[in-house]
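Novice: Starting off with a structure, shown below.
The values are calculated or read from the model by the stated rules, or taken from the named source; none is laboratory data. Computed from a predicted structure; not experimentally measured. Here Cβ is always computed from backbone atoms with ideal geometry, including for glycine, and neighbour counts include all displayed protein chains.
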Amino acid sequence: MTILIVEDEDKTADYLRKGLQEAGYPVQVASTGHEGRQLIAQERYELVVLDVMLPGVDGWELLRLLRRTSGIPVMFLTARDAIEDRVKGLELGADDYLVKPFSYAEFLARVRTLLRRGSVRESERLQVADLELDLLRRRVTRAGERIELTNKEFALLHLLLGREGEVLSRTTIASQVWQMNFDSDTNVVDVAIRRLRAKIDDPHPVKLIHTVRGVGYVLEARA
Amino acid sequence: MTRWPRSLSQRLALMFALGSAVLLGAICMYLYDSLAREIAWRDDQALAGRIERMRALIDESADLEALRRRPRLYDNMLGNRDSLLWILDDAGQVRIAVGPSGIAVPQLLPSDGRIALRTIEGTPALRLAWTRVAAAEGHLTLIAGRLLAEREQMLGAYRLRLGLALAAGAVLAYLLGLAIAVRGLRPVRDLATRAAAIDVRHLSQRLDTAGSLRELDALRDALNGMLARLEAGFAQLARFSEDLAHEMRTPLNNLMGQTQQALSRARTAEDYQNLLVSNQEEYERLARMIDSMLFLARTEQTAAALVRVPVALQELGDQLCEYFEGLAEERDMRLLNTARGTLAADRELLRRALANLLANSLRYGEPGTPITLSSAVSAQGIEIAVHNLGPAIGAEHLPHLFERFYRCDPSRQGAGESGGLGLAIVRSIMQLHGGDVRVESGAEGTRFVLIFPLSTKFVVDSSS
């Protein structure tokens, strides 16, 4: 499950590598397009994270080369978010893109999605510890007790449960639950989480929804 | 028009020359024609006169022999190499022939006593006058003629002179026209010189009206208008850059200050964590600002594409109310959505505009009051309004509310603030839609109104 990062900016490459390693993925870093090309020719990777602006062979070129020989998932990173750039990347066969500055949680979530793409089927019943969510019957129970949730609370919990253990950024949550695809600087997400907590966690000694300060929220059973 | 010279003066001169040539040509043709007619008429008069004199001579003379001997007959012909005189008898025999030899007597229709005139085309061309007279020996035909060669030669020379005069006139007209055009277009060059003198540092200068010409007023006004727009745009840009730098300074200052302060001595892990979280907030603020700035920069390029789709306002309003519901309840406020109808607009942008207005209302509305989202059609256009009951905004702030980074209270600068770009984005979105945004504030609260032009496709729901 090795991930290749092709990124010329040292700090970026460094924190991406550290982050992915902490998340349990083996990582290799190439700091130029040439190096990236060589590594791709020699090794097998599960995912390539590609910066578009590279010295020597640029990201587009590398993407073209990659697509000629293999179907490895590619995520490209760019500081230019003009629509033409995104379209170009996707047309060349990139699987996803992120515009700098991006949230780290967002990055990790996307990497996970790309790596498990096609392999995971949406489960109809989700469970973490004693919290259960039945998608078909739209029922949520904790320790066997039924919990009444509003539609959006249900959607929010579904998102958190489905990504158990993943830190979700506020942006991701706003976009997935409310289709708000822009950064609004209101604390709507915090409020929604607070209300969900009141129903899910407050009556119970073991808390499941956790705040990751400065990043977002995660649902997991912590020892 | 591509064959025309690129210089306006040359074009004018050329037109002037062409016009003059046409006019001169017409005059020359008229003069030439008059002269030719005059000469022909005089010649004819002379021929007729000669016939008359011949007739008188014949009347006076006993016979042709006597006539032939009369010196006067020849007198008026002597030295005249292109005059002819024939006297024929009834049998057609030439009895007297005066003039250049070798010219055959042409066949002529008999004349009935009056003088007939005719031009004989041939070599040489002749103009003849003839008549029949009764004489002692019976009827005689008198023919007076004139060779046309000389007249043709004269007229030919005259034509040549006219042609030369015409050509010279056209050339002179061109030169004169050029001189006039160059002189006449001097105000245009002056205007250009003055306009060229206005550079970036002197955008406040205007082209003066003194001594300007009526024809150039439109151009000058257009240039001045352009200068005014440039100046305003430039001023805005300069102010904007300044604001941007200033706005970025605050989070940067926080970042630098608290990081340096934290690093000045060893701290607990918790302290470092707090610092990082605080830094993260500032970073997010910067990132949001950059996002908003880019959004504004893009929407202000008219090239930015608008994806218009039918947007059901009630549904969109409900979505937004649902989104802000929790926040509203925390502030003890209620969100009411009475917007109805389906509007052709860019859904994402409209959502963003309304979200900004709702967030704004939630921020400034009085706790315990409702916020209303409504729609209406007025004379100005299709309106979507967000109304809150909060303290009135000072009248002096209203015209500036939609400017970037404008704050009613310069000292207020909370971390949760929209960075002063929220309303600017709303206005930008509305301008993209060809509409506008308006704000009213008073004792009845504050109302932000998005106005779409009446031409926007809007369907009122039949169900409501």
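Novice: Go through region B:347-400 and report how many residues are surrounded by 19 or more Cβ atoms within 10 Å (Cβ to Cβ) and either within 14 Å of another protein chain (Cβ to nearest Cβ) or among the basic types (Lys, Arg) (or both).
Specialist: Looking only at that region, the number is 16.
Novice: Given the conditions (1) away from chain A (no Cβ under 13 Å); (2) surrounded by fewer than 14 Cβ atoms within 10 Å (Cβ to Cβ); (3) assigned to a helix (DSSP H, G or I); (4) at pLDDT 90 or above, which single one is not true for residue B:257?
Specialist: (4)
Novice: Can we say residue A:209 is within 14 Å of chain B (Cβ to nearest Cβ), free of Cβ contacts under 8 Å to residues at least 60 places away in the same chain and in contact with a Phe, Trp or Tyr (Cβ under 9 Å, 6 or more places away or on another chain)?
Specialist: When the stated conditions are applied, residue A:209 does not pass them.
Per-residue answers, yes or no, for (1) hydrophobic (A, V, I, L, M, F, W, C); (2) away from every other protein chain (no Cβ under 14 Å); (3) in contact with a strand residue (DSSP E or B) (Cβ under 8 Å, 6 or more places away or on another chain); (4) farther than 18 Å from residue A:104 by Cα:
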| residue | (1), (2), (3), (4) |
| --- | --- |
| A:161 | yes, yes, yes, yes |
| A:180 | yes, no, no, yes |
| A:195 | no, no, no, yes |
| A:199 | no, no, yes, yes |
| A:202 | no, yes, no, yes |
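Novice: Something else now. Could you please give the count of residues in region A:54-72 that are surrounded by fewer than 20 Cβ atoms within 10 Å (Cβ to Cβ) and within 21 Å of residue A:108 (Cα to Cα)?
Specialist: Residues in region A:54-72 being surrounded by fewer than 20 Cβ atoms within 10 Å (Cβ to Cβ) and within 21 Å of residue A:108 (Cα to Cα): 2 in total.
Novice: Another question, then. Go through region A:122-159 and give me each residue that's more than 16 Å from residue A:203 (Cα to Cα), part of a strand (DSSP E or B) and either within 14 Å of chain B (Cβ to nearest Cβ) or over 21 Å from the mean Cα position of the chain (by Cα) (or both).
Specialist: A:125, A:133, A:134, A:139
Novice: Based on what the data block shows, is residue B:230 in contact (Cβ under 8 Å) with a residue 12 or more places away in the chain, under 24 Å from residue B:424 (Cα atoms) and either in a helix (DSSP H, G or I) or within 14 Å of chain A (Cβ to nearest Cβ) (or both)?
Specialist: For residue B:230, the condition - in contact (Cβ under 8 Å) with a residue 12 or more places away in the chain, under 24 Å from residue B:424 (Cα atoms) and either in a helix (DSSP H, G or I) or within 14 Å of chain A (Cβ to nearest Cβ) (or both) - is met.
Novice: Of these, B:266, B:262, which one is at pLDDT 85 or above, surrounded by 15 or more Cβ atoms within 10 Å (Cβ to Cβ) and more than 14 Å from every other protein chain (Cβ to nearest Cβ)?
Specialist: Just one listed residue meets the conditions, B:262.
Novice: How about region B:290-308: which of its residues are part of a helix (DSSP H, G or I) and at the interface with chain A (Cβ under 10 Å from one of its Cβ atoms)?
Specialist: The answer is B:290, B:291, B:292, B:294, B:295, B:298.
Novice: Check off (1) of a type in the set (D, E, K, R); (2) closer than 16 Å to residue A:127 by Cα; (3) touching a helix residue (DSSP H, G or I) at 6+ places or on another chain (Cβ under 8 Å) for residue A:164 and give me the number that stays unchecked.
Specialist: (3)
Novice: Could you please give the count of residues in region B:332-346 that are buried (at least 18 other Cβ atoms within 10 Å of the Cβ), within 14 Å of chain A (Cβ to nearest Cβ) and either of a type in the set (D, E, K, R) or within 49 Å of the chain's Cα centre (by Cα) (or both)?
Specialist: 1
Novice: Taking residue B:137 as meeting all but one of (1) at pLDDT 85 or above; (2) in the same structural domain as residue B:91 (by TED's automatic domain parsing); (3) not basic (Lys, Arg), write down the number of the exception.
Specialist: The one condition residue B:137 does not meet is (1).
Novice: Another question, if that's okay. Exactly one of (1) surrounded by fewer than 16 Cβ atoms within 10 Å (Cβ to Cβ); (2) touching a residue at least 24 places away in the same chain (Cβ under 8 Å) is unmet by residue B:290. Its number?
Specialist: (2)
Novice: Among strands (runs of 3 or more DSSP E) lying entirely in region B:309-397, which contain 2 or more residues that are in contact with an Asp or Glu (Cβ under 7 Å, 6 or more places away or on another chain)?
Specialist: B:334-337, B:370-377
Novice: Take the residues of region A:163-178 that are small (Gly, Ala, Ser) and assigned to a helix (DSSP H, G or I): which is nearest to the other protein chains (Cβ to nearest Cβ)?
Specialist: A:174
Novice: State which residue is nearest to residue B:28 (Cα to Cα) when the search covers only region B:128-186 and only residues that are among the hydroxyl-bearing types (Ser, Thr, Tyr) and out of contact with any strand residue (DSSP E or B) (no Cβ under 9 Å at 6 or more places or on another chain).
Specialist: Per the stated criteria, the residue is B:158.
Novice: Hey, another quick one. Take the residues in region A:59-99 that are in contact (Cβ under 8 Å) with a residue 40 or more places away in the chain and touching an Asp or Glu at 6+ places or on another chain (Cβ under 9 Å); name whichever of them is nearest to the other protein chains (Cβ to nearest Cβ).
Specialist: That would be A:77.
Novice: Considering only residues that are under 15 Å from residue B:425 (Cα atoms) and touching a strand residue (DSSP E or B) at 6+ places or on another chain (Cβ under 8 Å), which ones fall in region B:348-362?
Specialist: B:350, B:353, B:354, B:357, B:358, B:360, listed by residue number.
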